[in-house]
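The values are calculated or read from the model by the stated rules, or taken from the named source; none is laboratory data. Everything numeric here is computed off the predicted structure, so don't read it as measured data. With ideal geometry, Cβ positions are generated from the backbone for all residues, glycine too; neighbour counts draw on all protein chains shown. Keep in mind that these areas ignore ligands, DNA and RNA; they rest on the heavy atoms of the full protein, side chains included. Shrake-Rupley method; radii C 1.70, N 1.55, O 1.52, S 1.80 Å.
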Amino acid sequence: MSEELAPRPNESPLAPQAGPREVWKKGGRLLSVLLAVNVLLLACTLISGGAFNKVAVYDTDVFALLTTMMLLAVLWILFYLLRTVRYPGAVPYRDAHAGPIWLRGGLVLFGVCTLVMDVFKTGYYSSFFECQSAIKILHPLIQAVFVMIQTYFLWVSAKDCVHVHLDLTRCGLMFTLTTNLAIWMAAVVDESVHQAHSYSSSHGNASHTRLASDQRAGNAVGGDSCLCSTAVCQIFQQGYFYLYPFNIEYSLFASTMLYVMWKNVGRLLTSTPGHSHTPSPVSLFRETFFAGPVLGLLLFVAGLAVFIIYEVQVSGEGGRTQQALVIYYSFNIVCLGLTTLVSLSGSIIYRFDRRAMDHHKNPTRTLDVALLMGAALGQYAISYYSIVAVVVGTPQDLLAGLNLTHALLMIAQHTFQNMFIIESLHRGPPGAEPHSTPPKEPCQGLTFTNQDALHTLPACPPSPGLVSPSPADQQEAVGIVSTPRSHWRRRCLKDIALFLLLCNVILWIMPAFGARPHFSNTVEVDFYGYSLWAAIVNICLPFGIFYRMHAVSSLLEVYVLS
């Protein structure tokens, strides 16, 4: 038997052995990735081209592409649910780490908000349907159907390890992932153009970037009759713009879950699953000192108040923008400083933690780490551009000092928080202390063992000393190592996780719902020029916003694992 077809040491002997189709596993992945890259590049070209007046790409072209992609993705999902998973032996394994309940719950929450956004969008375009293309009304309706079907699909199938229709499933998952990324990109571009247009209008400048859409296409067809002039139309327009953050997060949540499903296609798992914890709502704040949740809630409420004051004073007339910026930066400096210290404290506590590191293969955890590190680069870039503008530029006043401190703390907070989260995700569950002296033989030194996992060990003869533990014995064994000191450490880690979670929620709300001190504070605009600085912010800020929500999901898992 060739080396590629030989069973791996950590695979169950009852697992299906890799046949000829599994030899092409990397090739199947390569085919699906190439499909996704080409489709995504096409979507990027149309979406970015539709954001500029000088490019002859209308938003109807973008809507037509997105509608077609969503319809194709829906057809594949229906095929998967009605045919693929009903095949005999189609899903022999389910990944316990994939699709945790809080991730699926967040997907449902953002999906419901996206449906409300689609209702507002349909109402907005229906307000002047006589001079609009039918695709503008059809697009939000198709998106609503796509969101409902995809949410159900991910809720019931996120843990699947499919073993039939391998290449078709990989290509379908990658195409659906690409569709979500295209929707995310269109929403980010539309929101960025809206923010840029608002800034240009308030400063009396011509818009540098405008959607080649409503007014350009509308004036060519129906003149002023296509303008949003009624009160109901303006409510619909403002409503769906404020709901864009939920649509953006929904697309990203779905993309991460689809990627994990793609990695699990054809995956062979042993019969002994890894640890999986699902917290009950009653026990969410149990075994904490309550200092973390209380302080986090105080900062959350204070952040909401600061955000409201900032929005009112910046958008109002009376020259109170500088006062609003001082309040905004001051709160963020306090919040970032506390989260930095708390993250550093959590890393120090881990230096005294005896829990073993979990080195098992886990695609979900690998993706979480990659997304945390990659998404943080967006905020790193904005911070370093701000530091250069403040240090080199003039004048050096209070606002410049606050801006510099804010940028430095933003870098430190992302760094130390990533260190804490990543180390937490790699820690084993409570009671998983490493052995001081490893056994010489695979079967020696085992007091309790899983009889199924025992078959995976080479040359493991039966031994009368090996017994399967009862639940009471397991609790007793864990209680032996759970000393009062380790219990105190776990309570501290739970407090830290909840505090960081609440702080990241408010730090997500502020930029996601329109706080743009990058443009209200003219230091960077004057130093780099509006066009360059707007490009930097509009490209990097969406990654920073996604980082906050992904950190919330990871911190909830850290809380459970603590």
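Looking at A512, is it surrounded by 21 or more Cβ atoms within 10 Å (Cβ to Cβ), under 18 Å from the mean Cα position of the chain (by Cα), in the same structural domain as I421 (by the TED database) and not basic (K, R)?
yes
State which residue is modelled with the highest pLDDT when the search covers only region 329-371 and only residues that are part of a helix (DSSP H, G or I) and among the charged types (D, E, K, R).
For region 329-371, the residue satisfying everything is D368.
Quick one: P20 ticks every box in (1) loosely packed, with under 14 Cβ neighbours inside 10 Å; (2) modelled with pLDDT under 90; (3) assigned by the TED database to the domain that holds Q195 except a single one, so which number is it?
For P20, the exception is condition (3).
Taking V188, is it in contact with a Gly (Cβ under 7 Å, 6 or more places away or on another chain) and of a type outside the set (D, E, K, R)?
Criteria not met by V188.
Just one of W102, W155 is touching an Asp or Glu at 6+ places or on another chain (Cβ under 9 Å) and not polar (S, T, N, Q); which is it?
Answer to the selection: W102.
Hey, R94 hits all of (1) in contact with a Lys or Arg (Cβ under 9 Å, 6 or more places away or on another chain); (2) crowded, with 18+ Cβ neighbours inside 10 Å but one; which does it fall short on?
In the conditions (1) in contact with a Lys or Arg (Cβ under 9 Å, 6 or more places away or on another chain); (2) crowded, with 18+ Cβ neighbours inside 10 Å, R94 misses (2) alone.
Could you check Y87 against (1) in a loop (DSSP other than H, G, I, E, B); (2) open to solvent by less than 10 Å² (accessible area, probe 1.4 Å); (3) modelled with pLDDT of 80 or more and say which number it fails?
The number of the failed condition is (2).
Run down Q143, Q150, Q132 and say which single residue is among the polar types (S, T, N, Q) and open to solvent by 10 Å² or more (accessible area, probe 1.4 Å).
Every option except Q132 fails the conditions.
Given the residues L46, L65, L82, which is the only one that is in a helix (DSSP H, G or I), open to solvent by 70 Å² or more (accessible area, probe 1.4 Å) and either on the phi < 0 side of the Ramachandran plot or not polar (S, T, N, Q) (or both)?
Just one listed residue meets the conditions, L82.
Residue under question is T256, and the condition is that it be crowded, with 16+ Cβ neighbours inside 10 Å, among the hydroxyl-bearing types (S, T, Y) and modelled with pLDDT under 80; does it hold?
The answer is no for T256.
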